[in-house]
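Everything on this sheet refers to the single structure shown next.
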Amino acid sequence: MQIYLPIADLPVNVFLVLGMGLAVGYISGMFGIGGGFLMTPLLIFIGISPAVAVATVSSHIAASSFTGALSYWRKRALDIALALMLLSSGILGTATGVWLFTELRALDQLDLMIGISYVTLLTTVGAMMIYESVRAILRTRHGMPATLRRPGSHTWLHGLPFKLRFKRSKIYVSAIPVWAIGFVIGFVGAIMGIGGGFLLVPMLIYFLRVPTATVIGTSMVLTLVTMASATVMHAATNHLVDAVLALILMVGGVIGAQFGARTGQKMRGERLRLLLGLLVFAVGCRFAYELVVKPDDLYSLRFVRSG
Amino acid sequence: MRRLLCTLIVLLCGLGSAAAERLVVSLSNHRVAVTSSFVGEELVLFGTIEPDPVTSPLRPPYDLVVTVTGPRQTLRTRRKQRVLGIWVNVDSREFERVPSYLAVLSNRPVNNIANQDTLRRLQIGLDNFLLPQRIGSDVADTVREDPFRRSFLRLQTQQGLYRESATAVTFLTPTVFRAAIPMPAAVPTGSYGIEVELFTGGNLVARTNSALDVIKTGFEQYVADAARDYGLLYGLATALMALLIGWFASVIFARD
């Protein structure tokens, strides 16, 4: 069944888009991430212009992260204070990212910038996650308890001033790394058209030692707010959000996310991290391949303006 | 301007000679409505060749070229090159105010209908259509072998937006013809011009034009208008929709 998308200006198969929403939703529910890093490339692949894809995916991520955040809220697995701290600098990061996005777009180097940042981020984060989770799995094999949170293990980050106590997460850390992480996530999200959940979760775990109990819920609140405001910003400035496409994606996404969350809860933490690491790494490699291998067509077209 | 001049010359020539033809055409539909189930459609242009004045003799065989142009837009063609091992856009050209849709439909290959000079002058065929490029501060069309021009045509043709078909026009009798105008699913909305040109013996003998509109209707139009005219409200509504769906899903699935 074909449906015509009013903003993307092309017809798509409803079931294909619904299926994509379900699949990405399943993965996002399983790992507690928004899934933008998977959905944006998929939409571009089916012929939707990158600008519309990035703008529309933001509303899809807002929907799925809201579902997630609500269920974590019910389980009290959500640190509002930490989320608000991250948000305060996240918005600044988004604004900087949007500015750079516009500049690069004018220079025709946006695709390259997006490609390079996908490759760098996804391969490094993916590799780190694979390494960490494999080590954790091996440790459990050898009979040692796989504790991610080592009490008393302090890094230099804990020596920084402006210390704050986050009760729900049971951490006592400086505000500087919290702000820095929020800024980086906001910035990267605006440039790459992703929610940044797959980056934020490991960052919170490794740098701030946020316990796994609250990390996903907190990350979802941040994703929800940045993606909801990104939707409004994209709609108000560039008129690029396709509500029909967004609706189909959302319906698929939230249903998929529910089933994904169930699968995720049955799996062990380190197994889950290994799988996510492999997925992130694979997407990174896919982008690297595109940059390095000679493209089928050296020429490409970009719409500048009508008239 | 160039076209106008051509028309004037043709008109003068037409007046000068005793025999002349007149084209009468009719389009199956002047309005293509893009709805939610739009997957493209085909318009049909019917026409006859009439003697003008009625007593003058006809001069078959005739050749017919129909050129359909969509609303103008500016596009940038970019070229990639390997820099430090990765493929980067190094060069680009802007194609200024070129048709978003361009179909050159004829009864046989345009190169067999008239000589190169005539085709060039009348802008008939994709190779001869004026595609002004911005190069530095200049805006001009290039030679047809120009790699940017060739790539631009190739990419537009791949998307089904540009086409040249030597079989789309069929003569039902020596003076009655039918032209099939394909409208792909991704057809841009706006006003389209249709130019019908009649040739005999390699010379243009008559021309006429028509027009059609491609419009979005119903829900699609409503959404597109809202997105353009009330961006902020539209964005807030979309964000609200996201929250509602997210909330709805969590309520439905929270029970079990």
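The values are calculated or read from the model by the stated rules, or taken from the named source; none is laboratory data. Note that this is a predicted model, so its numbers are computed, not measured. Every residue, glycine among them, receives a Cβ derived from its backbone with ideal geometry; neighbour counts consider all protein chains shown.
General remarks:
- Count of the range B:184-199 residues which are buried (at least 18 other Cβ atoms within 10 Å of the Cβ) and modelled with pLDDT of 90 or more: 7
- When the residues of the range A:260-307 are filtered to those that are β-branched (V, I, T) and more than 14 Å from every other protein chain (Cβ to nearest Cβ), the one that is nearest to the chain's Cα centre (by Cα) is A:V280.
- Selection status of B:V169, crowded, with 20+ Cβ neighbours inside 10 Å, in the same structural domain as B:V54 (by TED's automatic domain parsing) and farther than 30 Å from B:P57 by Cα: no
- Residue ranges of strands (runs of 3 or more DSSP E) in the range B:78-153 with at least 2 members within 14 Å of chain A (Cβ to nearest Cβ) and either aliphatic (A, V, I, L, M) or without any contact (Cβ under 8 Å) to a residue 12 or more places away in the chain (or both): B:86-99
- Condition check for A:A106 on (1) surrounded by fewer than 20 Cβ atoms within 10 Å (Cβ to Cβ); (2) farther than 27 Å from A:R286 by Cα: one failure, at (2).
- Qualifying residue in the range A:262-285 (condition: among the basic types (K, R), within 20 Å of A:L199 (Cβ to Cβ) and touching a residue at least 60 places away in the same chain (Cβ under 8 Å)): yes
- Of the strands (runs of 3 or more DSSP E) lying entirely inside the range B:165-256, not one contains at least 2 residues that are within 10 Å of chain A (Cβ to nearest Cβ).
- Screening A:H234 with (1) within 10 Å of chain B (Cβ to nearest Cβ); (2) under 15 Å from the mean Cα position of the chain (by Cα) gives one miss only, at (2).
- Counting residues in the range A:24-35 that are surrounded by fewer than 20 Cβ atoms within 10 Å (Cβ to Cβ) and more than 10 Å from every other protein chain (Cβ to nearest Cβ) gives zero.
- Members of the range B:201-231 found to be more than 23 Å from B:T69 (Cα to Cα), in contact (Cβ under 8 Å) with a residue 24 or more places away in the chain and either crowded, with 20+ Cβ neighbours inside 10 Å or under 22 Å from the mean Cα position of the chain (by Cα) (or both), listed by number: B:E220
- Residue in the range B:46-69 that is at the interface with chain A (Cβ under 10 Å from one of its Cβ atoms) and either part of a strand (DSSP E or B) or at positive phi (or both) present: no
- Matching residues, the range B:81-125, being more than 20 Å from B:V66 (Cβ to Cβ) and within 16 Å of the chain's Cα centre (by Cα): B:F95, B:E96, B:R97
- So A:T237, is it of a type in the set (V, I, T) and surrounded by fewer than 18 Cβ atoms within 10 Å (Cβ to Cβ): yes
- Any hit, the range A:250-259, residues being buried (at least 20 other Cβ atoms within 10 Å of the Cβ), farther than 16 Å from A:M39 by Cβ and within 14 Å of chain B (Cβ to nearest Cβ): yes
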